[in-house]
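Shown next, in structure tokens, is the structure this report addresses.
The values are calculated or read from the model by the stated rules, or taken from the named source; none is laboratory data. From a predicted model like this one, the values you see are computed outputs, not experimental measurements. With ideal geometry, Cβ positions are generated from the backbone for all residues, glycine too; neighbour counts draw on all protein chains shown.
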Amino acid sequence: MPPGDDHGRFVSVGRLTLRDGEGVCVRARNRAIAVFKVDGALLAIDDRCPHQEASLAEGELDGHEVLCPLHCWAFDLRTGERKDAPTGHRVRTYATKRQGDEVLVALPEEPV
């Protein structure tokens, strides 16, 4: 399970059947989240590239990195950091786990 930015409450994003090297966009609490399977592990990040809002779930995987389909910005799925640029460009990561057939993603608590 990758470290998330905030180990909030785990919520179900459904039953996902992914092969290694595949990703899918899911929605949870009005968030678009890209979930990928890499080396048997599920890794989750914000689905939108901070550059021009492209879906990262549609990007190409290269090991633990996903390439934005528009301009090939590379993001590390474990940390959310952009690998090919100075710091400051990143996407949020989310912890994941399985509960039976369901995939759960830890979302930060919503402010009251």
Problem set entry | ALA57 being touching a strand residue (DSSP E or B) at 6+ places or on another chain (Cβ under 7 Å), surrounded by fewer than 18 Cβ atoms within 10 Å (Cβ to Cβ), of a type in the set (Gly, Ala, Ser) and at pLDDT 95 or above | no
Seminar exercise, completed: All conditions in (1) touching a Lys or Arg at 6+ places or on another chain (Cβ under 7 Å); (2) modelled with pLDDT under 95 are true of HIS64 except (2)
Exercise. Looking at (1) of a type in the set (A, V, I, L, M, F, W, C); (2) under 22 Å from VAL13 (Cβ atoms); (3) free of Cβ contacts under 8 Å to residues at least 12 places away in the same chain, can you tell me which one LEU67 breaks?
Worked result: (2)
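This table checks each residue for (1) among the charged types (D, E, K, R); (2) within 17 Å of GLY23 (Cβ to Cβ); (3) touching a strand residue (DSSP E or B) at 6+ places or on another chain (Cβ under 7 Å); (4) outside any strand (DSSP E or B).
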residue: ILE45; (1), (2), (3), (4): no, yes, yes, no
residue: PRO50; (1), (2), (3), (4): no, no, no, yes
residue: GLU53; (1), (2), (3), (4): yes, yes, no, yes
residue: LEU70; (1), (2), (3), (4): no, yes, no, yes
residue: THR79; (1), (2), (3), (4): no, yes, yes, yes
residue: VAL103; (1), (2), (3), (4): no, yes, yes, no
residue: GLU109; (1), (2), (3), (4): yes, no, yes, yes
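For segment 81-105, enumerate the residues that are surrounded by fewer than 20 Cβ atoms within 10 Å (Cβ to Cβ) and modelled with pLDDT of 90 or more. Walk me through it before giving the result.
Step one: of segment 81-105, the residues surrounded by fewer than 20 Cβ atoms within 10 Å (Cβ to Cβ) are 81, 83-90, 92, 97-102.
Answer for segment 81-105, where residues must be surrounded by fewer than 20 Cβ atoms within 10 Å (Cβ to Cβ) and modelled with pLDDT of 90 or more: GLU81, ARG92, LYS97, ARG98, GLN99, GLU102.
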Exercise. Residues of segment 41-64 being among the small types (Gly, Ala, Ser) and closer than 23 Å to ARG9 by Cα, which ones?
Worked result: ALA41, ALA44, ALA57
